[in-house]
Amino acid sequence: LADDVVFYSPIVFTPQRGKAITTLYLLAAARTLGGGTGDGAFHYSKQVLAGDTAMLEFETTIDGKYVNGIDIIRCDETGRIVEFRVMIRPLQAINLVHQQMAAMLERLKPAD
């Protein structure tokens, strides 16, 4: 990740700026979306690569609910991620991910 990376979450209105907060969101997402093993486990099902940008479609199952989304990742000339966008569908999945991500972020948040 670049120091000035910008993370766009499907559940947070404002872009999250900086390496530390982006790392926190990606760690929370990995733990939330990771799923288990087998058919419902998180996996990338499609990828489109063009220049400095990758679009990766993912699928997983959380609490029996199907989650489908896209990560749009843009890198700088050194290969560091400068922008990371996440889009999720369907609405039921967004609501579930929102609840679980909020709880995970609270657990991972550094003590003040």
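The values are calculated or read from the model by the stated rules, or taken from the named source; none is laboratory data. The shown structure was predicted, so the numbers you read here are calculated from the model rather than taken from an experiment. Here the Cβ is made from the backbone with ideal geometry for all residues, glycine too, and neighbour counts use every protein chain on show. Areas reflect the complete protein model, heavy atoms only, side chains present, ligands, DNA and RNA absent. Shrake-Rupley method; radii C 1.70, N 1.55, O 1.52, S 1.80 Å.
The table that follows gives values for the structure above.
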{"read-out": "Residue list for segment 43-77, filter: open to solvent by 50 Å² or more (accessible area, probe 1.4 Å), under 27 Å from Asp4 (Cα atoms) and either under 14 Å from the mean Cα position of the chain (by Cα) or touching a residue at least 60 places away in the same chain (Cβ under 8 Å) (or both)", "value": "Tyr44, Met55, Ile70, Arg74"}
{"read-out": "Count of segment 1-18 residues which are closer than 16 Å to Val97 by Cα, in a loop (DSSP other than H, G, I, E, B) and either hydroxyl-bearing (Ser, Thr, Tyr) or in contact with a Ser or Thr (Cβ under 7 Å, 6 or more places away or on another chain) (or both)", "value": "1"}
{"read-out": "Complete set of residues in segment 64-112 that are at pLDDT 95 or above, in contact with a helix residue (DSSP H, G or I) (Cβ under 8 Å, 6 or more places away or on another chain) and over 16 Å from Ala30 (Cβ atoms)", "value": "Asn68"}
{"read-out": "Leading residue by the ranking (nearest to Asn68 (Cα to Cα)) among those in segment 19-35 that are of a type in the set (Gly, Ala, Ser), free of Cβ contacts under 8 Å to residues at least 40 places away in the same chain and assigned to a helix (DSSP H, G or I)", "value": "Ala30"}
{"read-out": "Selection count, segment 1-35, where residues are of a type in the set (Lys, Arg) and closer than 12 Å to Leu105 by Cβ", "value": "1"}
{"read-out": "Any hit, segment 64-78, residues being closer than 24 Å to Gln99 by Cβ and polar (S, T, N, Q)", "value": "yes"}
{"read-out": "From Ala20, Ala30, Ala102, residue being closer than 19 Å to Asp4 by Cβ, small (Gly, Ala, Ser) and open to solvent by 50 Å² or more (accessible area, probe 1.4 Å)", "value": "Ala20"}
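Residues checked against (1) in contact with a strand residue (DSSP E or B) (Cβ under 6 Å, 6 or more places away or on another chain); (2) surrounded by 12 or more Cβ atoms within 10 Å (Cβ to Cβ); (3) of a type in the set (Phe, Trp, Tyr):
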site: Pro10; (1), (2), (3): yes, yes, no
site: Leu24; (1), (2), (3): no, yes, no
site: Ala41; (1), (2), (3): no, yes, no
site: Phe84; (1), (2), (3): yes, yes, yes
site: His98; (1), (2), (3): no, yes, no
